[in-house]
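Asker: The structure's right below; bear with me while I get my questions together.
The values are calculated or read from the model by the stated rules, or taken from the named source; none is laboratory data. These numbers come from a predicted model, not from an experiment. Don't worry about glycine lacking a Cβ; one is built from the backbone with ideal geometry, like all the others, and counts go over all protein chains shown.
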Amino acid sequence: LQWEKQVRASAAPRRPGGLSVLVTGAAGFVGSHVSLALRKRGDGVLGLDNFNNYYDPSLKKARRALLDGQDVMVVEGDINDARLLAKLFAVVPFTHVMHLAAQAGVRYAIENPASYVHSNIAGLVTLLEACKSADPQPAVVWASSSSVYGLNEEVPFSESDLTDRPASLYAATKKAGEEITHTYNHIYGLSITGLRFFTVYGPWGRPDMAYFSFTRNILQGKPITVYRGRSGTDLARDFTFIDDIVKGCVASLDTAERSTGSGGRKSGPSQYRIFNLGNTSPVTVPALVGILERHLRVKAKQKVLEMPGNGDVPFTHANISLARAELGYQPTTNLEAGLKKFVKWYLSYYGYKARNDEVTRTGSAKIM
Ligand code: NAD
């Protein structure tokens, strides 16, 4: 009962007309930022996260503490737990679900393919089943990925492009997610918005991503591995700053049409949308390293290797006209400025001090 009370309090909007949002993956990078932004506006937010150890769980706990401080509760649980989901939907009439829980990362699929099926396919279906049966049916906004464009060579990537050449199991599960959500829209009238994020970075980011692990290694004087394409070309990514992504997520929630169906029946039109959320200006990996070196005031020791073919694609580049037109999405932070904010966070979180031309470590937070 105490638990139900806490869940209800966290999910209750603080302003008239505010949303009540279940955020899955709330202890994750994007999920924690979106939860804080919604709370700041006065929306009701309840987080759900299984706190898995794909990367440093203490970072997830630190994000949770941040949410705690803003009265956002994060329930520890798995999206595959149908009973837990049914309980949450019975306690709270969520207006929206922001579904960000997933097994992320492209290379890890070689090591642990089952985790992608567990979270990105089975977990997605379990969550959609719960949404389908909920009354009212929440509008669902979820994270797909730019990786669905796979080996496409024509850039920039547009939503209408074919997505039939995934280069990793991660990409394949995100593509499957787009098709699975489509069927739930078609049969049950669930309102669905899929967001294809392009390489999101920023404070409180993911330690498995290149900008993060490069920063760690550069500061520790360890070498970084920079991959190049088969033909000697540099890899490039359409790096997108977290605050821009958050704005795109919030605009998607605000413009999502509420379903009219309930109890698993379709009873009226509902939306199925897909948007690119990128930055529209790809940067090569060597240029990324250059920016980090400048911000960190340390030269990187680089090992340059040919891309081993473990799931990475050579380049990404978003066409964002659709998101601009329908969501008013307009990224405003370039990589230089965004990495400056990331480095500032990193140095403070891990207890480094930047003085004159030198960065020294004084803190004791575990570096993973
Ligand atoms: P993240 O790993 O930081 O966040 C995901 C969170 O989900 C984690 O806290 C994890 O513990 C949780 N989780 C995983 N499986 C779960 C399960 N079965 N049940 C409950 N919780 C579970 O990743 P992120 O970078 O914040 O990514 C958020 C979403 O955006 C993911 O769907 C990811 O695939 C997608 N995405 C991210 C990027 C990016 O560059 N960060 C790019 C494209 C797409």
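Asker: Considering only residues that are under 30 Å from Arg297 (Cβ atoms), more than 10 Å from the ligand (Cβ to nearest atom) and in contact with a Gly (Cβ under 6 Å, 6 or more places away or on another chain), which ones fall in the stretch 184-215?
Answerer: Phe212
Asker: To continue, here is another question. Among (1) part of a helix (DSSP H, G or I); (2) near the ligand (Cβ under 10 Å from one of its atoms); (3) of a type in the set (D, E, K, R), which single condition is Arg83 missing?
Answerer: Against the list (1) part of a helix (DSSP H, G or I); (2) near the ligand (Cβ under 10 Å from one of its atoms); (3) of a type in the set (D, E, K, R), Arg83 comes up short only on (2).
Okay, residues lined up against (1) in contact (Cβ under 8 Å) with a residue 60 or more places away in the chain; (2) over 20 Å from Ser252 (Cβ atoms); (3) buried (at least 18 other Cβ atoms within 10 Å of the Cβ); (4) out of contact with any Pro (no Cβ under 8 Å at 6 or more places or on another chain):
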site: Gln70; (1), (2), (3), (4): no, yes, no, yes
site: Ile79; (1), (2), (3), (4): no, no, yes, yes
site: Thr95; (1), (2), (3), (4): yes, no, yes, no
site: Ser144; (1), (2), (3), (4): yes, no, yes, yes
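Asker: Look through the stretch 99-132, keep the residues that are more than 10 Å from the ligand (Cβ to nearest atom) and touching a residue at least 60 places away in the same chain (Cβ under 8 Å), and return whichever of them is farthest from the chain's Cα centre (by Cα).
Answerer: Lys132
Asker: Hand me the list of helices (runs of 4 or more DSSP H) wholly inside the stretch 1-78 holding 2 or more residues that are away from the ligand (no atom under 16 Å from the Cβ) and in contact with a strand residue (DSSP E or B) (Cβ under 9 Å, 6 or more places away or on another chain).
Answerer: Hits in the stretch 1-78: 2-11.
Asker: Return the residues of the stretch 275-298 that are within 18 Å of Thr360 (Cα to Cα) and without any contact (Cβ under 8 Å) to a residue 12 or more places away in the chain; say none if nothing qualifies.
Answerer: Scanning the stretch 275-298 gives a single hit, Arg294.
Asker: Also, quick follow-up: What are the residues in the stretch 187-230 that are of a type in the set (A, V, I, L, M) and assigned to a loop (DSSP other than H, G, I, E, B), if any? Give the steps one after another, and end with the answer.
Answerer: Quick first cut of the stretch 187-230, residues of a type in the set (A, V, I, L, M) only: 187, 190, 192, 195, 200, 209-210, 218-219, 224, 226.
If the condition is that a residue be of a type in the set (A, V, I, L, M) and assigned to a loop (DSSP other than H, G, I, E, B), then Leu190, Met209 are the ones that fit.
Asker: Within the stretch 209-251, how many residues are acidic (Asp, Glu) and free of Cβ contacts under 8 Å to residues at least 60 places away in the same chain?
Answerer: So the answer is 1.
Asker: Would you call Arg361 touching a Phe, Trp or Tyr at 6+ places or on another chain (Cβ under 9 Å), more than 30 Å from Val141 (Cα to Cα) and basic (Lys, Arg)?
Answerer: yes
Asker: Looking at the structure I just gave you, is Ala139 surrounded by 23 or more Cβ atoms within 10 Å (Cβ to Cβ), more than 10 Å from the ligand (Cβ to nearest atom), modelled with pLDDT of 95 or more and on the phi < 0 side of the Ramachandran plot? Break it down stepwise before answering.
Answerer: Details: surrounded by 23 or more Cβ atoms within 10 Å (Cβ to Cβ): yes; more than 10 Å from the ligand (Cβ to nearest atom): yes; modelled with pLDDT of 95 or more: yes; on the phi < 0 side of the Ramachandran plot: yes.
Yes.
Asker: Which members of the stretch 232-258 meet the condition of being more than 16 Å from His99 (Cα to Cα), of a type in the set (Gly, Ala, Ser) and in a loop (DSSP other than H, G, I, E, B)?
Answerer: Gly232
Asker: While we're here: Restricting attention to the stretch 100-131, report how many residues are modelled with pLDDT of 95 or more, surrounded by fewer than 17 Cβ atoms within 10 Å (Cβ to Cβ) and assigned to a loop (DSSP other than H, G, I, E, B).
Answerer: The total comes to 1.
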